[in-house]
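Enquirer: So that we are looking at the same thing, I have put the structure below in structure tokens.
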Ligand code: PAF
């Protein structure tokens, strides 16, 4: 196996990728913002099964942060991340600088449709425009055959699938189930910003989604009642501040009033200044 390559400009990344594909190798991309954890590595393992060469991108994208404090506090352990990628047999890391990603004069954005205005989009204005713009740029630099995303960011996955199809990008967008710690809390780079007490309290998030699922299994179909059952778990946790819990159509993300077919429950909960999201297919 040849040594892992690290690229920090789109041109260098694209040259390697073009060469790989010219040699008949299928290329997979795992886009990340670094602070890699086991959830990311599950995406890398999945990518390995789908392609001959795996690229991990690491870039904390300023465009998708609606709060400057969140952007500033986002963890950036690049050396650790590179060591994790090398140990996992990643073929190339694309870790552009902000100047390489957004040079002066940068002036083009990818505007997602109504699907991006709901849920997360309503609470984080501009977030998905930042995500679609950077993912389009990552797709342009890496030109992967397939890109692998986690289902934890359910709306992000839906928005990116829409973008890839609508803009004829020809890139397969694959999804991997959320990876969880033993207590059920979804793995997230933001978890490392929680105090031990907040981390323990965060178990109320998967439990609230479990409560929704249990109420549904017991025959409840009314969304307001299902949401109340889930919300109660968060409201009873003193370190948690409920933001939203909604039950939506799995593709259009439109709000439902009754659950008579497949649906997804999506939620966001604050612990101090850390916002955690999670979801569960119903
Ligand atoms: O999910 C993430 O880590 C980011 O939103 C992504 C897809 C890498 C774009 O910056």
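Enquirer: Of the numbered conditions (1) out of contact with any strand residue (DSSP E or B) (no Cβ under 8 Å at 6 or more places or on another chain); (2) closer than 19 Å to residue 155 by Cα; (3) in contact (Cβ under 8 Å) with a residue 60 or more places away in the chain, residue 264 fails exactly one; give the number of that condition.
Expert: (1)
Enquirer: Is there a residue being at pLDDT 95 or above and more than 14 Å from the ligand (Cβ to nearest atom) anywhere in segment 54-64?
Expert: yes
Enquirer: Here's another thing I want to ask about it. If a residue counts only when it is touching a helix residue (DSSP H, G or I) at 6+ places or on another chain (Cβ under 8 Å) and within 15 Å of the ligand (Cβ to nearest atom), which helices (runs of 4 or more DSSP H) contained entirely in segment 125-204 have at least 3 such residues? It would help to see each step written out before you state the result.
Expert: Numbers: elements: 127-142, 154-166, 196-201.
It comes to 127-142, 154-166.
Enquirer: Answer yes or no: is there a residue in segment 81-92 that is within 14 Å of the ligand (Cβ to nearest atom) and assigned to a helix (DSSP H, G or I).
Expert: Going through segment 81-92, the residues within 14 Å of the ligand (Cβ to nearest atom) turn out to be 81.
Keeping just the survivors that are assigned to a helix (DSSP H, G or I) gives 81.
Checking segment 81-92: at least one residue is within 14 Å of the ligand (Cβ to nearest atom) and assigned to a helix (DSSP H, G or I).
Enquirer: Pull out all pairs, ordered by first then second residue, where Cβ-Cβ is under 6 Å, the residues are six or more apart or on different chains, the first lies in segment 124-137 and is over 18 Å from residue 107 (Cβ atoms), and the second is assigned to a loop (DSSP other than H, G, I, E, B) and more than 10 Å from the ligand (Cβ to nearest atom).
Expert: 124/66; 125/66; 127/66; 128/112
Enquirer: Check segment 95-104 and report whether any residue there is more than 13 Å from the ligand (Cβ to nearest atom) and in a helix (DSSP H, G or I).
Expert: Residues of segment 95-104 more than 13 Å from the ligand (Cβ to nearest atom): 97, 99-100, 103-104.
The next check asks that each one be in a helix (DSSP H, G or I); those that pass are 99-100.
Within segment 95-104, one or more residues are more than 13 Å from the ligand (Cβ to nearest atom) and in a helix (DSSP H, G or I).
Enquirer: Continuing with this model, one more query. Which one of the conditions (1) at pLDDT 95 or above; (2) within 16 Å of the ligand (Cβ to nearest atom) does residue 37 fail to meet, given that it meets all the rest?
Expert: Answer for residue 37: the failing condition is (1).
Enquirer: Looking only at segment 65-80, how many residues end up being closer than 25 Å to residue 122 by Cβ and more than 12 Å from the ligand (Cβ to nearest atom)? Write out each step before concluding.
Expert: Filtering segment 65-80 for residues closer than 25 Å to residue 122 by Cβ gives 65-74.
This time we only want the ones that are more than 12 Å from the ligand (Cβ to nearest atom), so: 66-70, 72-73.
Result for segment 65-80: 7.
Enquirer: While we're on this one: Go through segment 43-57 and give me each residue that's assigned to a helix (DSSP H, G or I) and in contact with a helix residue (DSSP H, G or I) (Cβ under 9 Å, 6 or more places away or on another chain).
Expert: Of the residues in segment 43-57, the ones assigned to a helix (DSSP H, G or I) are 43-50.
The answer is 44, and nothing else.
Enquirer: Turning to a different aspect of this structure: Residues of segment 105-119 being in a loop (DSSP other than H, G, I, E, B) and either without any contact (Cβ under 8 Å) to a residue 60 or more places away in the chain or over 19 Å from the mean Cα position of the chain (by Cα) (or both), which ones?
Expert: Here is the first cut: in segment 105-119, the ones in a loop (DSSP other than H, G, I, E, B) are 105-113, 117-119.
Passing the criteria: 105, 106, 107, 108, 109, 110, 111, 112, 113, 117.
Enquirer: Also, I was wondering about something else. Taking segment 172-209 on its own, how many of its residues are surrounded by fewer than 16 Cβ atoms within 10 Å (Cβ to Cβ), in contact with a strand residue (DSSP E or B) (Cβ under 8 Å, 6 or more places away or on another chain) and closer than 18 Å to residue 236 by Cα?
Expert: Matching residues across segment 172-209 total 0.
The values are calculated or read from the model by the stated rules, or taken from the named source; none is laboratory data. What you see is a predicted model; the values in this text were computed from it and never measured. For neighbour counting, all protein chains shown are included, and Cβ atoms are generated from backbone atoms with ideal geometry for every residue, glycine included.
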